[in-house]
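Below is one structure; the comments refer to it alone.
The values are calculated or read from the model by the stated rules, or taken from the named source; none is laboratory data. Quantities reported herein were computed from a predicted structural model and do not represent experimental measurements. All Cβ positions, even for glycine, are placed from backbone atoms using ideal geometry, and neighbour counts span all protein chains on display. Areas reflect the complete protein model, heavy atoms only, side chains present, ligands, DNA and RNA absent. Shrake-Rupley method; radii C 1.70, N 1.55, O 1.52, S 1.80 Å.
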Amino acid sequence: MQFSRRNFFKFMGVAGASVAALPSSARAWKSKAPPDSYGCLVDLTRCVGCRKCEEACSEVNKLPAPERADCQCTIFDRKRRPDDKAYTVVNRYFTGKLDQFDNPLPTYAKVQCMHCQDPSCVSACLAGALTKDETGAVKYDVSRCIGCRYCMVACPFEIPAYEYHNPITPKVMKCTFCYDRISEQGGLPGCATICPTEALTFGKRKTILKVAQKRLKENPGKYIDYVYGEKEVGGTSWLYISSVPFEKVNLPALPNKPLPKLSETIQHSLFSYLWSPLALFGVLGAVMYKSNKVQEEPQNKGGA
Amino acid sequence: MEHKASPLNKKFWTPGVLVMLVFMIAGAIAIIARFTGGIGYVTNLSNARPWGLWVGVDVATGVALAAGGFTTAALAHIFGRHYYEPVTRPALLTAALGYTFVVIGLLIDIGRSWAIWKPMFYWNTNSVLFEVAVCVAIYLNVLYFEFLPIVAEQFKGRVNLPGIMAVFNPLIEMILKIGDAILDKTMWIFIILGVVLSCMHQSSLGSLMLVAPTKLHPLWYTPILPLLFLTSAFAVGYPMVVFETTIITSSLKLDSEMNILAPLTRITIFLLGIYMFLKFGDMFVRGTYIYLLDGTYQTNSFIIEMLLGIMVPWIMLLFEKVRNSRKGVFTAASLIIGGVVINRINVFIVGYKSPLSDNGYFPAPGEIFVTLGLIATLMFIYRIIVTYLPVLQAPKEVSP
């Protein structure tokens, strides 16, 4: 291998210039949440488990009709998750609450994509197939997807589902927040148009957060004094209020810090303008130059 | 010492090769099933468990175990320890084949294999996986470039394709000649680039899980996960060389090359020591030792990783008697490799649990067949290449 001094310095000059072009320090991590996005409030005390939202969702998104749409009985015997055929499902939980005759009282909880303000899936997707829209919707663009399923690994709510039985063109399936509909003036997501008990309230996130807080304030003792989704993983578009602890209806306890923050901070502080790889290249180049020069005298010619 | 590699002059079809062939056929059937019935048809993957054996072993472990390539290149070429040159070629071959099979494993695992080129055009620089993908893609090519001179050495001046293909002889001859000449002047760039790219993606493979703090068990979830992945890759590089050199030299009855392997293990004491120090330091700083006695399978897997995969081999290597014995060195190297394998499996499979909906995971037979089939194919091709190309040290020619 030939390792001439001229080649080395030519290359190092380029590398050095690139490093010098660096700004003094990598910028601190900033939330990329859209400023005036939409949100949706779920009031678990109002939900009666009619599953009309499931039906509306399937219709709007051209998915198969929900499993046993008319049945509000046995379908609740098992806990369901959103999957490749249903973007939203309602589950029933008995949390130990009793009515006046000591019968257990059910709590129903709808589950769908939370449309995080700083979504892990969007940060994770290597090809940018997932994006956070101005409306607040986390959009999926199948034309960029390679099917690595890292979004599913990243999602703290375990929402993205996969078409595991499609061998060639499987898609990631998840709630779209009906962004085609909500992008239009006065448009609502499918589920929110139909709820007969007004358990779902759609609007600007800032507004519905106030609605939630007002409800908590005006009904002391009825609700747990907490809006789930206001701060979880840096905030979500979907917000929940409830009279039973959130963990009991499968809404997980999560840190308030946006989950992409750590990995993005590491990535950008190490790799912005490729400063660290270039520096390492320079150091190794110098070492190589020196160690080969020492041995140059006995005409050493190493192979690859 | 002059390094002289040469093609092997040995019988190719041995019982071992036939066993490989059986695994390859089983794997091929499973792969056909995957591309006709879908990933769900041959795997136990689910929405709660999107990554399983294929990502944990074929990809993550494959990358880690290919670390012998850049660690030996760094030692022999960059740090100028030419004494170790005889092992750089087999290590380079392992790395080139290893990364090739990492990519093949990925092609099987991702849902839209035909779309694998898309990240090259659609960039998300926030994504850890994007960086890993770009580094692996470039590094794979770097490895091929580094390997080209070995092909040239064998065939330059005597390209002789059979039959009608003979019309291409002059063309291939020219490519080999020009390629070899260019590479001779530029090889130092590829060698350094290979080390830089390896450091980047070996560490970033650990960063992959940092986005999922609620899913990875606290015994493994740490902000220094990328550093642990990098240092363990450093630590496993030379044991991997020891492991494969011992296996190949004893199964092909070549020189054991102990004169090179013994000093390599001395460096390993230092590298494994750094990894061990970081692992223990991390456990004490974050206070995760509180989990150690809870008896869950995850904790037990962590204990096995730490004890058998790190502490035992490290202590073994401290003894000169072990370092100078072929068996001792081989055992220690195997334990270190096993430790890194278990670590990657722990991070991507055992330690991973989706808190809401995970019902447990064990790989389906189809997944296991694919993984074993890929490993067998890799070994098979390795065998072919060392038979026909000058990779291994010529037997009985070395005067130590």
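For every helix of n ≥ 4 consecutive DSSP H residues, a contribution of -39,500 (n - 2.57) applies; sum these over chain B, divide by its total residues, and give [θ] at 222 nm rounded to the nearest 500 deg cm²/dmol. Could you put the intermediate results ahead of the total?
Values: 14 runs with 250 residues, N = 400.
About -21000 deg cm²/dmol.
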Sorted from largest down, give the three principal axis spans of the alpha carbons of region B:73-212, whole angstrom values. 55, 42, 22
Projected-area average for region A:59-109 over all orientations - Cα convex hull basis, square nanometres: 4.3
Read phi for every residue in region B:24-33 and hand back ³J(HN,Hα) as whole Hz from Karplus 6.51 cos²θ - 1.76 cosθ + 1.60, θ = phi - 60°, with x for Gly and Pro. 5, 5, 4, x, 4, 5, 5, 5, 4, 4
Compute the signed sum of charges (Lys and Arg +1, Asp and Glu -1) over the other residues within less than 14 Å, Cβ to Cβ, of B:D358. +4
Shielding by other protein chains, B:283-291, mean Cβ within 10 Å: 0
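Semi-axes of the equivalent ellipsoid for chain A, please: Cα gyration tensor eigenvalues, times 5, square-rooted, ordered largest first, whole Å. Spell out each step's value before the answer.
Working: eigenvalues 550, 92, 64 Å².
That gives 52, 21, 18 Å for the three semi-axes.
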Taking only Cα atoms, what is the 0 to 90° angle, nearest 10, from helix A:275-294's long axis to the longest principal axis of chain A? 30
For region B:258-388, would you read off the P(r) tail past 27 Å as a percentage of all alpha carbon pairs? 38
What are the ³J(HN,Hα) couplings of region B:126-135, residue after residue, when phi is run through the Karplus curve with 6.51, -1.76, 1.60 and θ = phi - 60°? Round to Hz, x for glycine and proline. 6, 7, 4, 5, 4, 4, 4, 4, 5, 4
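Once you average over the residues of B:179-185, how many Cβ atoms of partner chains fall within 10 Å of each Cβ? If you can, show how the numbers build up before the last one.
On the way: counts 0, 1, 0, 0, 2, 5, 5.
Average neighbour count from other chains, rounded to a whole number: 2.
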Check which residues have an amide H placed less than 5 Å from A:M173's amide H, if you skip close sequence neighbours. A:A161, A:Y162, A:E163
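For the pair B:T36 and B:I381, what calculated FRET efficiency results from E = 1/(1 + (r/R0)^6), where r is the Cβ-Cβ distance and R0 = 30 Å, to the nearest 0.05?
Numbers: r = 25 Å, r/R0 = 0.84.
After rounding to 0.05, the efficiency reads 0.75.
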A:S272 versus B:T331, label points 7 Å from Cα toward the beta carbon: distance in nm? 5.2
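Any idea what the alpha-carbon Rg over 2.2 N^0.38 Å comes to for region B:138-209? Spell out each step's value before the answer.
Working: Rg = 16.5 Å, N = 72, 2.2 N^0.38 = 11.2 Å.
That works out to 1.48 for region B:138-209.
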Accessible-area loss of at least 20 Å² (1.4 Å probe, chain alone to full protein assembly) applies in region A:95-133 to A:S123, A:L126, A:A127
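Restricting attention to region B:238-301, which chymotrypsin sites (Phe, Trp or Tyr not before Pro) occupy a DSSP loop and are surrounded by at most 13 other Cβ atoms within 10 Å?
Numbers: sites: B:F243, B:F270, B:Y275, B:F277, B:F280, B:F284, B:Y289, B:Y291, B:Y297; in loops: none.
Here no loop site has a sparse enough neighbourhood.
Counting only protein heavy atoms and a 1.4 Å probe, tell me what percentage of region B:44-85's accessible area is made up of carbon and sulfur. Let's see the in-between values first.
Numbers: 550 of 890 Å².
For region B:44-85, the apolar C and S fraction of the accessible surface comes to 62 percent.
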Per the Debye formula with a single identical scatterer at each Cα and no solvent contribution, what log10 I(q)/I(0) holds for region B:15-388 at q = 0.08, 0.09, 0.10, 0.14 Å⁻¹? -0.43, -0.55, -0.68, -1.34
Please list 3J(HN,Hα) in residue order for region A:199-209, calculated via the Karplus relation 6.51 cos²θ - 1.76 cosθ + 1.60 where θ = phi - 60°; whole Hz, with x for glycine and proline. 6, 10, 10, 9, x, 5, 4, 4, 5, 6, 5
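Which entries of A:K52/A:K214; A:K30/A:K248; A:K257/B:K279; A:K62/A:K110; A:K290/B:K279 have Cα-Cα distances beyond 28 Å here? Present the calculation step by step, with values, prior to reporting the outcome.
On the way: A:K52/A:K214 26 Å; A:K30/A:K248 33 Å; A:K257/B:K279 25 Å; A:K62/A:K110 19 Å; A:K290/B:K279 34 Å.
Beyond 28 Å: A:K30/A:K248; A:K290/B:K279.
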Within chain A, what whole-number % of the accessible surface is contributed by carbon and sulfur, with the 1.4 Å probe and all protein chains included in the calculation? 56
Return the long-range amide H neighbours of A:K97 (sequence gap of 5 or more, or a different chain), with a cut-off of under 5 Å between placed amide H atoms. A:L105
Rounded to the nearest 0.05, what FRET efficiency do B:S250 and B:Y388 give with R0 = 22 Å and r taken as the Cβ-Cβ distance? Could you check? 0.55
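Give me the Å³ per residue figure for the convex hull around the C-alpha atoms of region B:1-54.
Value for region B:1-54: 163 Å³ per residue.
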Over every pair of different alpha-carbon atoms in region A:195-304, take the mean of 1/r and invert it; report that Kirkwood radius in Å. 19.4
Any idea of the accessible area per residue across region B:15-388, 1.4 Å probe, to the nearest Å²? 39
How big is region B:325-400 on each of its three principal axes, counting only the C-alpha atoms and giving the largest first in Å? 63, 29, 15
Solvent-accessible heavy-atom area per residue, rounded to whole Å², over region A:54-152 at 1.4 Å: 43
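Let me know the charge dipole size of the protein assembly as shown about its Cα centre in debye, to the nearest 20, where only the beta-carbon of Lys, Arg (+1) and Asp, Glu (-1) is charged.
Numbers: 67 positive and 49 negative charges, 113 e Å.
That gives the protein assembly as shown a dipole magnitude of about 540 debye.
With n ≥ 4 as the cut-off for DSSP H runs, can you work out [θ] at 222 nm for chain A, using -39500 (n - 2.57) per run divided by the number of residues, rounded to the nearest 500? Walk me through the numbers before you get to the answer.
Details: 9 runs with 90 residues, N = 304.
Calculated at 222 nm, the ellipticity per residue is -8500 deg cm²/dmol.
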In a solvent-free Debye calculation with one equal scatterer on each Cα, what is log10 I(q)/I(0) for the protein assembly as shown at q = 0.06 Å⁻¹, listed in the order of the q values? -0.41
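Once you have the Cα-Cα distance between A:A65 and A:S183, take 0.36 nm times their residue separation minus that, and quote the gain in nm to one decimal.
Going from the current span to full extension adds 40.0 nm.
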Would you please state the base-10 log of I(q)/I(0) at q = 0.11, 0.14, 0.18 1/Å for region B:199-265, with intensities from the Debye formula using one equal scatterer on every alpha carbon? -0.42, -0.58, -0.71
Label-point separation in nm, A:R80 to A:D36, each point 7 Å along Cα→Cβ: 3.8
Expressed in angstrom and ordered largest first, the alpha-carbon extents of region B:1-123 along the principal axes are 55, 44, 25
Separation between the B:I182 and B:Y83 pseudo-spin-labels, each 7 Å from Cα along Cα→Cβ, expressed in nm? 3.7
Averaged over its residues, how many other protein chain Cβ atoms are within 10 Å of peptide B:48-56's Cβ atoms? 3
